[in-house]
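Scroll down for the structure; my scribbles are underneath it.
Nothing in this text is a laboratory measurement; each read-out follows from the coordinates by a stated rule. Bear in mind that the values here come from a model prediction, so they are computed numbers and not experimental data. Backbone-built Cβ (ideal geometry, glycine too); neighbour counts: all protein chains shown.
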Ligand code: BG6
């Protein structure tokens, strides 16, 4: 996820662009840049690796660049490490076309192939430079018609994009195109503004045009025109935004955590699209081929917090599908327990930030022992990503809330993809199951949307349990692994004590804590174990527990036992954590809000613990 801005009007563009980018820094901040059409009608590009403040200093707050039409970008690297060459804006050879982009062009390799065959050369590793040169190619093909060039790009590119481009032959105008990534336009008498998100232009206008999918636009000084991909002009009405600036940064949501929960379907789809090509798993981004997978004898997983919980889910999934033994540890234990390594071991470290000290130490220890290492990371080029032999990136985008949601969900997708391909290579699943699993994984985003729509009911139950002192999450198999994440989410933002237990383990001690009205949340999706978990819920019910059930639509096994039941769409048993975690996230969120806690920055916690 990156941030793009643009302005054309009466005033100098650079200060406006920098101000807009500052409002979008939460969307990405590893590099930034602007392009302004100068007084000689030429494009000047200034860009740099590092935080936006560095660009601001380079431009003396914008005074160093004169011109009243420009575009800007703040980057969250997905293709190509953070660097000046990879920073946006990108341009064609003579800089007569410059562009900024937010999104992921999935077919960038075949577009690059096409351009190389046409004699184009590249200076960066980004999909955006390829997009810019595709636009250049179509601009030349369509007799220098920028709208037609953007329409052709829109129809040819696959993936998500919000792109803004300036063409030297079209002074003081900016051309835009959108598919899936957000893009808005505001028009005032001082000029016209474009941005990825409302915070960047709210100070100029509250009348916002939301660019629709497969729509292109032509922005002039105080004007905007929208067209469909047939080139027909579209009449659009602006929407009145009544958010304040702070709410706007959260996309209208009350907290980043709620916003990021609702981003999960989209970023899960982006991550799925990164690892599935034409119905097959493709791990080539991580330079992982079938030969590499074949050589794996045992997997060790080390991670912290929610990332560790992904590892626990992955253990069940990998062992179930691929029949390869998996050992999972919290990294702070793994690094000191002097683990035994086998020659065919693979250590997988999972980390959103890619900077967690314990996880990094576990990685380094494995490397010192000559063990193959693979990192599953969200932040491109982070230290763990750089030091692991191989890395698979989640496409969660920047995650602001300390309590992770979308990073957890996208890490699951990476681990499912890895497990399915490993199982296929090991011959433990057949073609039919391989295809069925991949097809079902592609349906998770829409099923996650359905579960997210349960939020009002869950909010009601959250208000009922907000003053409780103990909440237990119980389940069996992958349900138990999902309960671990549910319990951590719950306690870290509600400040109510919570524990996750293997449902079959309660009777060996913990059940002594169950008393009248103790809250027990029972997750029952593993059909083969459902009856057993049901009897565990009966055990706690007879001791006075108040039960919240989470189970599949149509499965009424625990309905009579539960005070409150959340039904989730059925899916492959190995994928249920992706759906079950959502009611847990929502419940935790609404209890935290009801208690007036700082949801996004809970006490004592940090988003990344890069020290021991
Ligand atoms: C904790 C975060 O500090 O670190 C958790 O609050 C996170 O959300 C854990 O799961 C591990 O962090 P990372 O970046 O290694 O996934």
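For this structure, a couple of remarks:
- Angle in degrees between helix 455-465 and the longest Cα principal axis of the chain, rounded to the nearest 10: 50
- 222 nm mean residue ellipticity, helices alone, for the chain (DSSP H n ≥ 4; -39,500 (n - 2.57); rounded to 500): -11500 deg cm²/dmol
- Averaging the Cα positions of each part gives two centres, and for region 379-403 and region 83-119 these lie 23 Å apart.
- Exposure proxy shown here: for 198, 313, 245, the number of other Cβ atoms within 10 Å sets the order, fewest to most, as 245, 198, 313.
- Centre-to-centre separation between the Cα atoms of region 535-612 and those of region 257-272: 18 Å.
- Cβ-derived FRET efficiency at R0 56 Å, residue 510 paired with residue 38, nearest 0.05: 0.20
- Exposure proxy for 494, 152: other Cβ atoms within 10 Å of each Cβ, ordered fewest to most, give 152, 494.
- The angle between the Cα long axis of helix 530-542 and the longest principal axis of the Cα atoms of the chain comes to about 70 degrees, rounded to the nearest 10.
- Whole-number percent relative contact order across region 144-276, with pairs defined as alpha carbons under 8 Å at least 6 apart: 20
- For the chain, the longest principal axis of the C-alpha atoms and the axis of helix 431-442 are separated by about 70°.
- FRET efficiency for residue 341 and residue 254, using Cβ-Cβ distance with R0 set to 41 Å, rounded to 0.05: 0.30
- Fewest-first ranking of 24, 523, 59, 557, using other Cβ atoms within 10 Å as the exposure measure: 557, 59, 24, 523
- Three-way shape label, region 283-405, alpha-carbon gyration tensor, a/c 1.5: rounded
- Cα centroid of region 165-181 to Cα centroid of region 199-219, whole Å: 13
- Prolate/oblate/rounded label for the chain (Cα gyration tensor, a/c 1.5): prolate
- Counting only DSSP beta bridges with both residues in the chain, the antiparallel share comes to about 60 percent.
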